[in-house]
Amino acid sequence: MGYPAHIEYTLHLADNALILGHRNSEWTGHGPILEQDIALSNIALDLIGQARYLYQYAARMIDSDVTEDTLAYGRDAWDFRNCLLVEQENGDWGKTVLRQFLFSAWQYFFYGRLQQSQDRDLAAIAEKSLKEVTYHLRWGSEWVIRLGDGTKESHARMERALDQLWKFTGELFVPAAYERALSVAGVAVDLHSIRSSWEERVAEVLGEAQLTEGAGDTWMQNGGKEGRHTEHLGYLLAEMQFLQRTYPGCEW
Amino acid sequence: MLEEVDDPEVPALSVVDLGIVREVRTEGEGIEIVITPTYSGCPAMDVIRMNIRMKLAEHGYPHLKLTTVLSPAWTTDWMSERGREKLRAYGIAPPLPSQQVCHPALFHREEAISCPRCHSYHTTLISQFGSTACKALYRCEDCGEPFEYFKCH
């Protein structure tokens, strides 16, 4: 689609939050116990709320008939700029909480930095979101430990989930072209600056969970930030966008 | 006037008690009200905005500018003392001062929350997330009653 870097960057952050929020919402009504069903639905709600601020801001910058809704419901997979990690399928509860933990840890340090952005709108959204993400990070960390250091079965499932997800963590620290330009200007977060904090937190939690971190030579998948996605995103969008695609502009 | 606009999810509190009304400016005929959201995804915010408009129109102020600001981010410190008392009377434990705000330490133990019914501090956290974004679930080990805690933010 090719918007200017500033808009692409805002969409990248919005898409991350929306897609993970949608994935989490797939658990609503299906959680293992009521309290945790509610917890994950709350996290989904926070993420979708954050996505709305970001889409609204992007829509203001685009300045035409574009709205938060047309951005969320009217773009195709190749227009989405989210990281591959957030679009991965839910799998079992273990894989879902591991994905949440890995991403919340990234969001936690990321929003911490984005608060100092030269862009005051992004900084304000970051300040607001960070409070919510802190709860997510704690929740995710505790679940990873509970399951990793749990029973033989839960441990084996967490090892398998780590195996499936680890290859998508590299992308979190590889800047896309639009990010490189903006980080020089002090708008985007320099991803390099948060990498060691993320690694430390992840190592601490995985260690506590008796899980072995992915091997250093794992081939890291890439491309989501530039619109090259895994096959899972298309299916997700088909469901999420169905109503607006079939009945454009429909409200109830 | 704004005292009459309730939080639709916690009707014991008005938007003023909740601390989300940050500023009211008047200029000639026009009024501008500045509000800040509690949680990003809180569905009550849209209803609150609508109710503020309706309340002001009812009182003869149809031309209202309603502005939303995100920074500084809302904190439960802005909840009024009266609001805290109303919450307790309603059966929801009010938020502690913000030193207790969530931080990412693992298995960090929160300061004990007092049961809004029997006032016992012998209570257990069931979940950090409750029926709305702003609450956590607790259980009182003395009177056996489950209750909600308006968590620090």
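Values quoted throughout were computed directly from the atomic coordinates according to the rules given, and no laboratory measurement underlies them. These numbers come from a predicted model, not from an experiment. Virtual Cβ from ideal backbone geometry, glycine too; neighbours counted across all protein chains shown.
Observations on the model:
- Degrees separating the helix A:152-165 axis from the principal Cα axis of chain A, which is the longest one: 30 degrees
- Nitroxide proxy distance, nm - points 7 Å out along Cα→Cβ at residue A:226 and residue B:90: 5.2 nm
- Rounded to 0.05, the FRET efficiency of the residue A:195 and residue B:32 pair, given R0 = 30 Å and the Cβ-Cβ distance, is 0.10.
- Total formal charge among the other residues, if their Cβ is under 15 angstrom from that of residue A:79, Lys/Arg +1 and Asp/Glu -1: -2
- Estimated vicinal HN-Hα couplings, Hz - segment A:116-121 in sequence order (Karplus 6.51, -1.76, 1.60; Gly, Pro = x): 9, 4, 5, 7, 5, 5
- Loop-resident sites, segment A:85-191, for GluC sites (Glu not before Pro), counting at most 16 other Cβ within 10 Å (DSSP): A:89
- Gaussian network model of chain A, springs between alpha carbon atoms under 10 Å - residue of A:77, A:215, A:105 with greatest fluctuation: A:215
- Between B:48, B:33, B:92, the residue with the greatest mean-square fluctuation in the GNM of chain B (Cα pairs under 10 Å linked by springs) is B:33.
- Between the Cα long axis of helix B:44-58 and the first principal axis of chain B there is an angle of about 40°, rounded to the nearest 10.
- Sorting A:228, A:81 from the fewest to the most surrounding beta carbons within 10 angstrom yields A:228, A:81.
- Placing a label point 7 Å from the Cα of residue A:156 along the Cα-to-Cβ line, the residues of segment A:87-109 whose backbone N sits under 19 Å from it are A:91-96.
- Label sites at residue A:34 and residue A:120, each approximated as a point 7 angstrom past Cα along Cα to Cβ, lie 4.7 nm apart.
- Residue among A:80, A:103, A:242 with the largest mean-square fluctuation in a Gaussian network model of chain A, springs linking Cα atoms under 10 Å: A:242
- Tilt relative to chain A, helix A:5-25 - C-alpha long axis, 0 to 90 degrees, to 10: 50 degrees
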